[in-house]
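Okay, so here's the structure we're looking at.
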Amino acid sequence: MTPLEIGLTLFVTLLGGGIIFWMIQVDTHFRRYSRDAATERESQAEKLGLLVNEVARLSSDCNALIHTQPKLKGLIEAHNSISSLEASLDSDFGAPSVKESAEGLLSAIRGMLSTHSTDGDFTLGHADVDSGVTALASRLFDLFADLDLSGPKNLGLSALEARRLGELAHLIGEDGWARACYKEVATSLAPGNLAAMRCLAALARDAGDIEAEAHWVTEQLSQVPDDESLLRRLSLLDPETAERNVKRLEAIGKATPADHSFLSGIKERISGDSSDQSLAAVEAAIEQDPTVEQYLLKARLHRRRDEIPLAIDSVRSALDLAGGRQHGESWALLAQLLEPNPKQMADALKAAVHGCALGAGGTELILLKADLLERSGRREDAMEALESALESDPANATIRSNLSQTHLFQGRREEAWNVLEGTPNWSEPVLHIQKGRLLLADYDANRDAGHADGAILAEAESAFRGALEVDRENGLAWLCVGRCQRLADDLAEASISLNRAKRLMDDPLVCAEESLIALDEGRVEDAARLIDEADVKERTSLVIPYVKGLVAARRGNLAEAFERFNEVLMANPHHVRARLNRITLSMLSEDVQSALDDCDWLLMTYPALLLARLRRGEALIQHGIFDEAENEIRAVLETQPENEIALTRLAACLLAQGRAEEAFIPLNTAMNLRPNFPEAYYQRALLYLELEEADSALRDFESTVLHDGRHLDALLRIAAIHHEREDYDKAESAWRRVLDAEPDNKLARRRMEEVTIALAKQ
C-alpha cells in the first residue's frame, strides 16, 4: 500500500470511531433525561395533589370564617365588584358609562359599607376601621374619578348609606366626596338631618370656609334653636348675629358674663365701641373666669380709649396666667403698645421677638420686630429677620418690599433691586411702589452726580402708576406720582396728584411733599406751615426733619437747619441729601473742616458720587487750597465734561489763582451748554471786574439777575457799580431791588440813605 492509501485508511477508521463514540454519548444523555423527566412528572403530580388538598382546606376554612364573620362576605363582594369594574375600564372596548357601572358600583359600596356599621357622623369620633376597608375605599374612589363621578346622586343609596360613605371618604382624605355625600343627605335624602349638617359644618371649618360653616350652623339652629354651642359658634362665624344670639341665650337663661364680654369684643372690633358698659362686661367675665382672651379684650378696649398704661397692665395680666406666656398674640399686642414709647423700646423688642417665635402677629409683627431691631442699631439682625420671613413666605409682597427698602435705607441699592426682582407675583401695589422708590433712588444718585436723568424719573412715575392700575385708590401711589412730577418741575400736576393723595389717606408725608412744592415756588412761610402740620402728626419719618432743615435754611436760620440735618443723619448716616446740605451749611458757617470731613465720608462710602467730589473742591477753594481744589474739579470734568456747575467752579478756582484769562474757557463752555445758567454769568462778571471791565461785568450781573431774580450777590454788585459811578437814579433803583429780595439788608438801607441825600442835593 502506498503511503497515501495508508493515510486515508487511518483517517476513515478514526472518523468512524468518533461517530460511534458520539452516538453512544447521545444515547446515554437521552436515557438520563428521560429518567429525570419521569421523576419530575411524578413530583409535580404529588405537589399538585397537595395543592388541591390545600385549596380545598382553605375553601373549607374560608366558608367557616364567613359563617362566623359575615362581614367578610361583603368585603369579598366589594373586592370582586371593584376588580370587575377595574377590568372593564382597562378593556379594549372602551370605558363603561356611569349608568352601565351603576349596579357594580352599588354592589361595591354596599359590600364595603356592610363592614362599617356606624351612624356616619364623624364628628362623634371615628370608629375603628380595618386597613383592608380603607384600601378598598381608596380603590373605589379611584374608580369614581375614572368615571368622572363626583357625588352619590342617582346611585340609589339610602340616607344612612350616604352618610357612611361620606364618613369613609373623610377618613381617607376625600373631603370633596364627603361634602357631596352629606349634602345629598341634608338636601335630598333626609332634609334637616342633623348628623349630615354637623359633618358639613365640620368640613367647612377644616377648609377655612367661614361662610359655608355659618350656613350649616344656621341650618342646625333651625332644628335646635336653643343649642348653646351652636349659638356661640354662630356668633364667632358671623359677628353681625352675635347680639341676637346673646339675647337668645339670655332668653333661655344660659347667658354668661363671658357671652356679654364676647359681645363687647365684637362691638369693639366692628364699630370701635369702647364704652364703659363694654368694659364692665369684660371685667365681670374676668371676675368669674379670668382667661387670656378676656384680658386681651380688656387691653384692646383700654387701647381704644387711649388708656395705654391700663392696656399694658391688662396684657401683662394675661401673660401672668397659667400658660399665658405661650400665648403669642399677647406678646404681639404688648409689642404694639410699648413701641411708641422710646424708653420702652427694648421691652417692645423683647415682646416682638417672643410673639414672632410663637408664630403670632403675622406680617405686621415681623415688620415691627425688624423696625425695632433697626432702631436699636441692630441693622444686620433686622435684615436677617426680614430675610428669614421672606424665605418662609416668598410670595409675601409686604415683607419683600420692606426688605428691599431696608437695603435701600442702608445704602445697598443693588441688593435692594435683587430682592425686588425676585418677586414671583407683581399683583400687589406695594411692589410697584417699591420699584418706583428704587428708580427714584437711582435718579437721586444721578442727580447728585451732576446729571439728572429725566428718563429714569419718567420710569419711576410709570412704576407708581403701575400701582394705580392695580388699585386706583392707593393714596401712597398718588403721593409718589406727585413727587415725580415735582422733581420734573411740573408743579401744577404735582399739586393735583397730592390733592388726590390727601383725599385718600391722612398721611403727614403729603403735607411734607406740599411743603417741598411751596419751597420750589418760593413760598417759604407756606412751606414752614405745612411741614409744622406734618410734624404734629408724624414723629418718626426722616422726611419731616429733612424738610424742616430745608425750610430753616431758606429762612436763613443756619443753626436750626444744621440741627435738623444732624437729626436725620444720626438716624440714617446714608441720607446723602442731608449730608450734602450739611456740607453746604458748614461752608456757609466757614467750618470748612467739617465740610471736608463730610465730603470724605461720602467719597469713601460712594466713590462715584461726583457731587461730593465737587463739594470737596468748593470747600478747598474756600479753604484757599486751590491746587488740590482744581484737581478735584477736573476729576469731575473727566467723567462729566459738560457739567456746567463744575465748569463754573473751575473758573472760580482759576480766577482765585490769578489765572483770569484761562477762566474764560470753562465759563464760555458752561454758558454754551446752558445759556440760562445764572452762576456762569455771575462768575464771568467777577472775572470782568478782575480785568477792570466794569461795563462787561455789569452786563453779566444783569444777565445773572435776569435768570435768577433773587440772586442777592448779583443785585448787590449791580447797585454797588451804579453807586460808585454816582449814577444815583440807577443806584436808587438797584438798591430797592436788593431790599425787595432782602428787606433787612443793612448795607442796602445805608446806601439808600446816601442816595436819597445825594438826589436831594441835585
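Please determine whether any residue of segment 483-492 is touching a Lys or Arg at 6+ places or on another chain (Cβ under 7 Å) and aliphatic (A, V, I, L, M).
Of all residues in segment 483-492, those touching a Lys or Arg at 6+ places or on another chain (Cβ under 7 Å) come to none.
No, because not a single residue in segment 483-492 is touching a Lys or Arg at 6+ places or on another chain (Cβ under 7 Å) and aliphatic (A, V, I, L, M).
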For this session: Grab the helices (runs of 4 or more DSSP H) fully contained in segment 372-485, keeping just those with 2 or more residues being in contact (Cβ under 8 Å) with a residue 60 or more places away in the chain.
Result: 429-448
For this session: Test Arg110 against the criterion of being modelled with pLDDT under 85 and basic (Lys, Arg), and give yes or no.
Result: yes
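Considering only residues of segment 601-610 that are touching a helix residue (DSSP H, G or I) at 6+ places or on another chain (Cβ under 8 Å) and either in a loop (DSSP other than H, G, I, E, B) or more than 21 Å from Glu590 (Cβ to Cβ) (or both), which is modelled with the highest pLDDT? Steps first, please.
To start, the set of residues in segment 601-610 that are touching a helix residue (DSSP H, G or I) at 6+ places or on another chain (Cβ under 8 Å) comprises 601-603, 606, 609-610.
This time we only want the ones that are either in a loop (DSSP other than H, G, I, E, B) or more than 21 Å from Glu590 (Cβ to Cβ) (or both), so: 603, 606, 609-610.
On the way: Leu603: 90, Tyr606: 83, Leu609: 83, Leu610: 85.
Once the filter is applied, the top-ranked residue is Leu603.
Which one of these is modelled with pLDDT of 85 or more, part of a helix (DSSP H, G or I) and closer than 19 Å to Leu647 by Cα: Ala720, Ala680, Ala734?
Numbers: Ala720 fails: closer than 19 Å to Leu647 by Cα; Ala734 fails: closer than 19 Å to Leu647 by Cα.
None of the others qualify; the one that does is Ala680.
Collect the residues in segment 380-390 that are over 12 Å from the mean Cα position of the chain (by Cα) and under 19 Å from Leu420 (Cβ atoms), keeping them in residue-number order. Show your work before the answer.
Step one: list which residues in segment 380-390 are over 12 Å from the mean Cα position of the chain (by Cα), which gives 380-385, 388.
Ala382, Met383, Glu384, Ala385, Ser388, listed by residue number.
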Exercise. Out of the residues in segment 281-329 that are without any contact (Cβ under 8 Å) to a residue 24 or more places away in the chain and outside any helix (DSSP H, G or I), which is surrounded by the most Cβ atoms within 10 Å (Cβ to Cβ)?
Worked result: Glu307
For this session: Examine segment 400-407 for a residue that is over 18 Å from the mean Cα position of the chain (by Cα) and under 27 Å from Cys511 (Cα atoms), and state whether such a residue exists.
Result: no
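Restricting to helices (runs of 4 or more DSSP H) lying wholly in segment 516-571: which have 1 or more residues that are touching a strand residue (DSSP E or B) at 6+ places or on another chain (Cβ under 6 Å) and without any contact (Cβ under 8 Å) to a residue 24 or more places away in the chain? Outline the logic, then answer.
On the way: elements: 524-537, 543-554, 558-571.
The helices (runs of 4 or more DSSP H) meeting that bar number zero.
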For this session: Taking Thr639 as meeting all but one of (1) in contact with a helix residue (DSSP H, G or I) (Cβ under 7 Å, 6 or more places away or on another chain); (2) crowded, with 18+ Cβ neighbours inside 10 Å; (3) under 26 Å from Met671 (Cα atoms), write down the number of the exception.
Result: (2)
Exercise. Going by the structure shown, is Ser261 under 23 Å from Ala332 (Cα atoms), out of contact with any helix residue (DSSP H, G or I) (no Cβ under 9 Å at 6 or more places or on another chain) and modelled with pLDDT under 80?
Worked result: no
Seminar exercise, completed: Contact list, first residue from segment 601-626 and farther than 21 Å from Asp444 by Cα, second anywhere and modelled with pLDDT of 90 or more and among the hydroxyl-bearing types (Ser, Thr, Tyr), beta-carbon distance below 9 Å, six or more apart or interchain, is Ala619/Ser586
Exercise. Ala145 fails exactly one of the following numbered conditions: (1) out of contact with any Asp or Glu (no Cβ under 9 Å at 6 or more places or on another chain); (2) surrounded by fewer than 18 Cβ atoms within 10 Å (Cβ to Cβ); (3) more than 22 Å from Ala207 (Cα to Cα). What is the number of that condition?
Worked result: (3)
For this session: Search segment 572-592 for residues being more than 38 Å from the chain's Cα centre (by Cα) and not in a helix (DSSP H, G or I), and hand back the single one that is surrounded by the fewest Cβ atoms within 10 Å (Cβ to Cβ).
Result: Glu590
Problem set entry | Single residue of Ala416, Ala360, Ala351 found to be touching a His at 6+ places or on another chain (Cβ under 9 Å), crowded, with 22+ Cβ neighbours inside 10 Å and not polar (S, T, N, Q) | Ala416
Exercise. Residues of segment 593-634 being small (Gly, Ala, Ser) and either in contact with a Pro (Cβ under 8 Å, 6 or more places away or on another chain) or crowded, with 24+ Cβ neighbours inside 10 Å (or both), which ones?
Worked result: Ala595, Ala612, Gly617, Ala619, Ala629
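The values are calculated or read from the model by the stated rules, or taken from the named source; none is laboratory data. Keep in mind that what you see is a predicted model, and the values were worked out from it rather than measured. Positions of Cβ are backbone-derived with ideal geometry, glycine not excepted, and every protein chain shown enters the neighbour counts.
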